[in-house]
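What follows is calculated from the coordinates using simple rules that are stated; it is not laboratory data. From a predicted model like this one, the values you see are computed outputs, not experimental measurements. So basically every Cβ, Gly included, is an ideal-geometry build from the backbone, and we count neighbours across all protein chains shown.
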Amino acid sequence: MYKLWQILDPRQVLIAICVFLIPLGLLIHFLLLATEDLNWHEDGRPIPFKAKAAYDRAQQGLPY
Amino acid sequence: MAEKYNLTGMSDEEAKEFHSIFMPSMYGWFTLVVGAHILTHLRFPWH
């Protein structure tokens with residue numbers, strides 16, 4: 001198997017892997033962020049601090 | 001015979017050395033990726 005590197009240039013292989021995987025990873029992440037249900041930045045989890053504080057205060061009967 | 005297919009000029013020893021670094025690195029990357037997917041699915045199941 002190691003003889004692969006006598007056929008393929010290791011430098012070109014490593015560059016090709018980087019050129020392929022980095023844009024692919026970025027593409028998939030941005031595609032997910034562009035969706036409504038798989039966007040982890042705006043899914044409300046964990047609950048935003050202000051919302052939790054307001055909920056806790058409401059539970060205690062405090063205003064706003 | 002095998003020398004005929006040596007296009008990169010690497011010796012057997014050099015090829016073995018690179019291979020001994022490349023393969024564990026590849027398996028490590030696969031492990032990392034699979035682990036990331038498992039953890040992500042545990043936290044944010046997508047189906």
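Things to note:
- Nearest 10 degrees, 0 to 90: helix A:10-34 Cα axis against chain A principal axis: 20 degrees
- Projected label distance in nm at A:Ile47 and B:Leu42, using a 7 Å step from Cα toward the beta-carbon: 2.4 nm
- Rough spin-label spacing in nm, given labels placed 7 Å along Cα→Cβ, for A:Leu38 and A:Gln60: 4.1 nm
- Helix axis angle, B:12-43 relative to chain B longest principal axis, alpha carbon, degrees: 10 degrees
- Values of log10 I(q)/I(0) for chain A across q = 0.26 Å⁻¹ run -1.02, by the Debye formula with one identical scatterer at each alpha carbon and no solvent.
- Principal axis dimensions, largest first and in whole angstrom, of chain B by Cα: 53, 18, 13
- For the pair chain B / segment A:30-64, the C-alpha centres are spaced 40 Å from each other.
- Helix A:49-59 axis, angle to chain A major axis (alpha carbon atoms, nearest 10°): 30 degrees
- Column: log10 I(q)/I(0), Debye, Cα scatterers of the protein assembly as shown, q = 0.11, 0.17, 0.19, 0.24 Å⁻¹: -0.62, -0.95, -1.04, -1.28
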